[in-house]
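The values are calculated or read from the model by the stated rules, or taken from the named source; none is laboratory data. Predicted model, so just to flag it, every value in this text is computed and none were measured. Heads up, the Cβs are rebuilt from the backbone with ideal geometry, glycines too, and the neighbour counts pull from every protein chain shown.
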Amino acid sequence: MVKNLGNIMKQAQEMQSRMAKMQEDLAVTQVVGQSGGGMVEVTLSGKQVVQRIKLDPSIIDPADVELLEDLIAAAFNDAQKKLADLTQQTLSKVTGGLNIPGLNLPF
């Protein structure tokens, strides 16, 4: 029984090390969300910080600011979803597909 406990502890430490590496990798990852057929792009870091917003000049219409606001929000939401999907895929690889309660990523 003690041998099994030692083995479990070793596996837990290895998983902890893989999780730390995964968090480091995700922190430097960037994802790009788009809307308006690519006319609006929002780039997020792995820590969900906006790195860049790119707007096609043709969509900038002072008479229709609401449309631009909606497109920026949609691009941001797209980037967040892509980041969440990437995080889940990466987490699944680290945990071997186990769903570990309380493991809320990214960060």
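At-a-glance table
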{"read-out": "Count of the stretch 1-45 residues which are closer than 21 Å to residue 94 by Cα and not in a helix (DSSP H, G or I)", "value": "5"}
{"read-out": "Options 63, 84; residue that is of a type in the set (Gly, Ala, Ser), surrounded by 12 or more Cβ atoms within 10 Å (Cβ to Cβ) and either at pLDDT 95 or above or out of contact with any helix residue (DSSP H, G or I) (no Cβ under 9 Å at 6 or more places or on another chain) (or both)", "value": "84"}
{"read-out": "Test: residue in the stretch 19-28 that is in contact with a helix residue (DSSP H, G or I) (Cβ under 6 Å, 6 or more places away or on another chain) and of a type in the set (Gly, Ala, Ser)", "value": "no"}
{"read-out": "Candidates 33, 38 - the one that is in contact with an Asp or Glu (Cβ under 6 Å, 6 or more places away or on another chain) and not charged (D, E, K, R)", "value": "33"}
{"read-out": "Matching residues in the stretch 38-60 - criterion: being surrounded by 12 or more Cβ atoms within 10 Å (Cβ to Cβ) and charged (D, E, K, R)", "value": "41, 47, 54, 56"}
